[in-house]
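**Q** Encoded as C-alpha cells, here's the structure I'll be asking about.
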Amino acid sequence: MISSVEEPPFTTGLTWYAGTLPDHISPSAAKTYLGCSLKFYFERVACIRKKTPSALHLGKAVHAALQAFHLARWRGTDDSAETIAAAYEKAFSDLERDEGPVNFKNDGHREEVRLDGLRVVAAYLDSPEAMKDKPRAVEVLLKEDIAGLSVPLTGAMDLVEGNYVPVDFKSAAAKPDKAHAAFDHEIQLVSYQLLMEAATGESPPSLDLVFLVKTKKPQVIRVSSPPADAHRKRRVTALLETAVEGIASNRFHPQPGMHCSWCQFRNECMAWLPGQLLPERKTA
C-alpha cells in the first residue's frame, strides 16, 4: 500500500531543522568530516566553543600578516618588514578579542607565542619564498560546480602566483616530511586545482604548500607536488562526495584514533550515544 502522506525531507546535519543538501562542501570541511564525523558535528553543527589552541591562534595571526604582505605586493603599497610586523601584532590581538579566549598557559606563554610568530613572519620575508612579483590573486574564494559532486565546491586560496600555481601556507612545529605533507593535504590541493580549472580553464603547473616551521631558527620550506591526473581528481571528488553524503544523511559518530589524544571534544565524545546526538530545536 502506497501512503499518500508526503515523506519528510532528510536532515542535512548542517542545522537540526534543515531539509536540503548542504549549500556547498569545502576541502577543510570534508577533511574534518572524514577524519572524525563526530568532531565535525561538535565544531560545525553544534558549534561548541572551546578555547583556541595557542598554535592555531599563532597560525591565524601569521596568516593575516602574510595576507597583508601579499596584498601589498598586489596593490603596490607598503610591504616593509615593519608594516607586516604591525599587521601581525594587530591580528594577534584582534583574534583574541573577536574569537574568544586562547588556551595560553599564562602571560609568559602568551608572550612566547607572540614572539614565535614574529620570528616566523620575519623568516618568511627574508626567505626566497617571499613573493617578489605581483601575485595573480590573494585570498581568492571560488565556488564552482564540479562533475561528480552533488553540491558546489568552495575553497579560499591563500595565494595564486603569476603562473597559476596555488600556494597554501601552513604553520608547523617541526620540519615536514615532503612526501607525507603532500599526501596529507591531497584533498585541499586537488580541490584547488579543480576550482581553478573550472573557473579559469587554466591547469596549474604544480600544487604548492609553504611550511613556516616554528623551530628555534624558523625555517620556510616549500613542498611542490605535480598537478593531479584524472585518477587523483576522481579519487578526491569521491572523497568530497562521501563527506557530502554523510552530512546530508546525518551520519555523525566517533572515529577513535591517535587524533583523540589532542582532541578538545573528548568529554562530549564520551557522552555520545546513537540517537542522542541532535540538540532540540531552539525557539525564539
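**Q** Which of the helices in the chain meet the span-like rule: DSSP H, Cα axial reach of 24 Å or more, Kyte-Doolittle mean at least -1.0?
**A** Correct list, ordered by number: 54-75, 81-98, 107-126, 230-248.
**Q** Rounded to two decimals, what ratio of Rg to Rh does segment 65-140 give with C-alpha atoms and a Kirkwood Rh?
**A** 1.03
**Q** Calculate the dipole size of the chain relative to its Cα centre from +1 charges on Lys and Arg beta carbons and -1 charges on Asp and Glu beta carbons; express the result in debye to the nearest 20.
**A** Computed charge dipole of the chain: roughly 720 debye.
**Q** Something else about it: Quick check on segment 18-176: take the gyration tensor over C-alpha atoms, sort the square-rooted eigenvalues as a ≥ b ≥ c, and tell me if it's rounded (a/c under 1.5), prolate or oblate.
**A** oblate
**Q** Okay, next question. Lys and Arg at +1, Asp and Glu at -1: add these up for the other residues within a Cβ distance under 14 Å of ILE25 and post the number.
**A** Once positives and negatives cancel, what remains is -2.
**Q** Oh, and also: Counting every Cα pair in the chain, what percent are over 35 Å apart?
**A** Cα-Cα pairs in the chain separated by more than 35 Å: 24 percent.
**Q** While we're looking at this one, here's another question. Under 5 Å between amide H atoms, partner at least 5 residues away or on a different chain: which partners does ASN103 have, H built in plane at 1.01 Å?
**A** Under 5 Å from the amide H of ASN103 lie the amide H atoms of THR52, SER54, each far enough along the sequence or on another chain.
**Q** Here's something else I'd like to know. Give me the percent of DSSP beta bridges within segment 49-188 that run antiparallel, rounded to the nearest 5.
**A** Antiparallel bridges make up about 90 percent of those DSSP assigns within segment 49-188.
**Q** Normalising by the residue count of segment 156-284, find the relative contact order in percent from Cα pairs under 8 Å and 6+ residues apart.
**A** It comes to 21 percent, rounded to a whole number.
**Q** Classify segment 137-239 as rounded, prolate or oblate from the Cα gyration tensor: take a ≥ b ≥ c as the square roots of its eigenvalues, call it rounded if a/c is under 1.5, otherwise prolate when a/b beats b/c and oblate if not.
**A** In terms of gyration-tensor shape, prolate.
**Q** Give the total of Lys-Lys pairs in segment 137-239 with Cα-Cα distances below 16 Å; include a pair only if its members are 8 or more places apart or on different chains.
**A** Step by step, the pairs that qualify in segment 137-239 add up to 5.
**Q** Which of GLU202, GLU111, GLU241 ends up with the largest GNM mean-square fluctuation for the chain, with Cα atoms connected below 10 Å?
**A** GLU111
Read-outs: derived from the displayed coordinates by stated rules, not from any lab. Please read all numbers here as calculations on a predicted model, not as lab measurements. Cβ: placed from backbone, ideal geometry, glycine included. Neighbour counts: every protein chain shown.
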